[in-house]
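Colleague: Let me give you the structure first, and then I'll get to my questions.
The values are calculated or read from the model by the stated rules, or taken from the named source; none is laboratory data. Note that the coordinates shown come from a computational prediction; the quantities given were computed from them, not determined experimentally. Cβ: placed from backbone, ideal geometry, glycine included. Neighbour counts: every protein chain shown.
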Amino acid sequence: MDLKFADRMESFKEGIFTTLANIKAERLKAGKPVYDLSVGTPDFLPEKHVMDALVEAAKVPENYKYAIVDSDEMIEAVKAWYKRRYNVELEKDEIMSLYGSQEGISRVALTICNPGDIILTPNPGYPVFSMGPMLNDAKIVYYELREENNYIIDFNSIPEDVAKAAKAILVSYPANPICRLAPKSFYEELVAWAKKYNVIVLHDNAYSEIVYDGKTGISFLSVEGAKDVGIEFNSLSKTYNLTGARISFALGNEKIISQFKKLRSQIDYGIFTPVQKAAIAALNGPQDSVEKNRKEYEARRNAIRDGLESIGWKGLVSEGTMFAWAPLPKGYTNSHDFVLELIDKAGVFCVPGDEFGSLGEGYVRIALVKNVEEMKEIVNAIKQSGIL
Ligand SMILES: Cc1ncc(COP(=O)(O)O)c(C=O)c1O
């Protein structure tokens, strides 16, 4: 049979993580060292009370039915968490669950855009910020994030005609991959800009609990007027080390949430009840592990930053997220070539910056997924390799 596929399938190439995983497997087979700082899966465990809640709920046969809706108990837990954590009041109709923010961001444009409608998205940015709208047949227009602005959006750089035509803008701080935070004043500017041009704001807040140097992450929804213009995605993946459980929320503007719920009700029959129970336990339970993990990420950031600096690779920055963003060392210009050489000579895996957009060229993203001692070992491996 002559199988015919959609044209869009032509636009996908093998992902960088598949390429790196293949090289990693070959190296391991050959007994060569591997230090994997490429993928951003936390190496911390979920808290016991969270796993217990999931396990107990998984023993109840009734819980294997379609959940259909978010339980009132989970909605209350989310409301209380947003109030406690960000001083943001939310109503039931302003909250919905998702199978992870990735899933939400990959579909939200279906509720907002007709084919060809513009969504503004960051360059460099987390891949689903462009892939999601693209899969929904929206038109992607990139806005630039530049180091000289500390990677904060310069609204003056978005042409007036583009702003007027845009349906939505995807924004995310603390930002993966560029690891910068945005001050509250930025969000005030964002809300004013969105109102002026009638653009929906979609803010991804996956890392508000992983920020460094004494700062505290904020919610876009804590800014006056934010709920008039948009929604926020907030995931339990990194905050509570629940990446595999797939649970996150979209919160904010009631009209956007109700449209998105309507769309998802055609696709999905609700989050597995034991996962809802785990989310409730995580949100309502003791929060000390959140601070413990944050501190450990910060110690790792310090170890890799100071270590690399001491051997002559300067400029690594991370104000937050579980990653760091580093310019290529002197003498290198192509991030793919550098990453392959770093693997070959030192066994250290990270992600070439241009995987996140053209403006990521000249940088690499390093995941903070090894402890302080391992980070020191990695620095030593890089030093010994002679690559610098
Ligand atoms: C910025 C950002 N948003 C969303 C996600 C995915 O979150 P989830 O596990 O909720 O799909 C990630 C995961 O790395 C991320 O870095």
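Colleague: When the residues of segment 224-245 are narrowed to those that are within 13 Å of the chain's Cα centre (by Cα) and within 11 Å of the ligand (Cβ to nearest atom), which ends up surrounded by the fewest Cβ atoms within 10 Å (Cβ to Cβ)?
Modeller: In this case the residue turns out to be THR243.
Colleague: Residue check: is ALA303 within 15 Å of the ligand (Cβ to nearest atom), crowded, with 17+ Cβ neighbours inside 10 Å, outside any loop (DSSP other than H, G, I, E, B) and of a type in the set (Gly, Ala, Ser)?
Modeller: Considered against the rule, which asks whether it is within 15 Å of the ligand (Cβ to nearest atom), crowded, with 17+ Cβ neighbours inside 10 Å, outside any loop (DSSP other than H, G, I, E, B) and of a type in the set (Gly, Ala, Ser), ALA303 comes out as no.
Colleague: Determine if segment 308-317 includes at least one residue that is touching a Phe, Trp or Tyr at 6+ places or on another chain (Cβ under 9 Å), surrounded by 20 or more Cβ atoms within 10 Å (Cβ to Cβ) and in contact (Cβ under 8 Å) with a residue 60 or more places away in the chain.
Modeller: No, because not a single residue in segment 308-317 is touching a Phe, Trp or Tyr at 6+ places or on another chain (Cβ under 9 Å), surrounded by 20 or more Cβ atoms within 10 Å (Cβ to Cβ) and in contact (Cβ under 8 Å) with a residue 60 or more places away in the chain.
Colleague: Hey, another quick one. Since THR111 meets every condition but one in (1) at pLDDT below 95; (2) surrounded by 15 or more Cβ atoms within 10 Å (Cβ to Cβ); (3) not assigned by TED's automatic domain parsing to the domain that holds ILE304, which condition does it not meet?
Modeller: Of the numbered conditions (1) at pLDDT below 95; (2) surrounded by 15 or more Cβ atoms within 10 Å (Cβ to Cβ); (3) not assigned by TED's automatic domain parsing to the domain that holds ILE304, the odd one out for THR111 is (1).
Colleague: With respect to GLU10, is the statement that it is farther than 20 Å from SER335 by Cβ, part of a helix (DSSP H, G or I) and at pLDDT below 95 true?
Modeller: yes
Colleague: Helices (runs of 4 or more DSSP H) wholly in segment 46-119 with at least 3 residues that are over 18 Å from ILE280 (Cα atoms) - which ones? Break it down into steps so the answer makes sense when it comes.
Modeller: Details: elements: 48-58, 72-86, 101-112.
The qualifying helices (runs of 4 or more DSSP H) are 101-112.
Colleague: Pairs needed: first member in segment 92-106, closer than 13 Å to GLY270 by Cα; second member anywhere, more than 7 Å from the ligand (Cβ to nearest atom) and among the hydroxyl-bearing types (Ser, Thr, Tyr); C-beta distance under 9 Å; at least 6 residues apart or different chains.
Modeller: MET96/SER258
Colleague: Separate question: Please list, ordered by first then second residue, the pairs with beta carbon atoms under 7 Å, 6 or more apart or interchain, first in segment 162-179 and away from the ligand (no atom under 11 Å from the Cβ), second among the charged types (D, E, K, R).
Modeller: LYS167/ASP117
Colleague: Same structure, new question: I'm trying to understand the selection: among the residues of segment 318-362, which are surrounded by 24 or more Cβ atoms within 10 Å (Cβ to Cβ) and over 18 Å from LYS24 (Cα atoms)?
Modeller: Passing the criteria: SER318, GLY320, THR321, MET322, PHE323, ALA324, TRP325, GLY353, PHE356.
Colleague: Is it the case that some residue within segment 80-92 is surrounded by 12 or more Cβ atoms within 10 Å (Cβ to Cβ), outside the structural domain of ILE140 (by TED's automatic domain parsing) and under 30 Å from LYS184 (Cα atoms)?
Modeller: Taking every residue of segment 80-92 in turn, none turns out to be surrounded by 12 or more Cβ atoms within 10 Å (Cβ to Cβ), outside the structural domain of ILE140 (by TED's automatic domain parsing) and under 30 Å from LYS184 (Cα atoms).
Colleague: If you don't mind, there's one more thing I want to ask. For segment 13-35, what are the residues that are within 15 Å of the ligand (Cβ to nearest atom) and either at pLDDT 90 or above or more than 30 Å from ALA279 (Cβ to Cβ) (or both)?
Modeller: Answer for segment 13-35, where residues must be within 15 Å of the ligand (Cβ to nearest atom) and either at pLDDT 90 or above or more than 30 Å from ALA279 (Cβ to Cβ) (or both): just ILE16.
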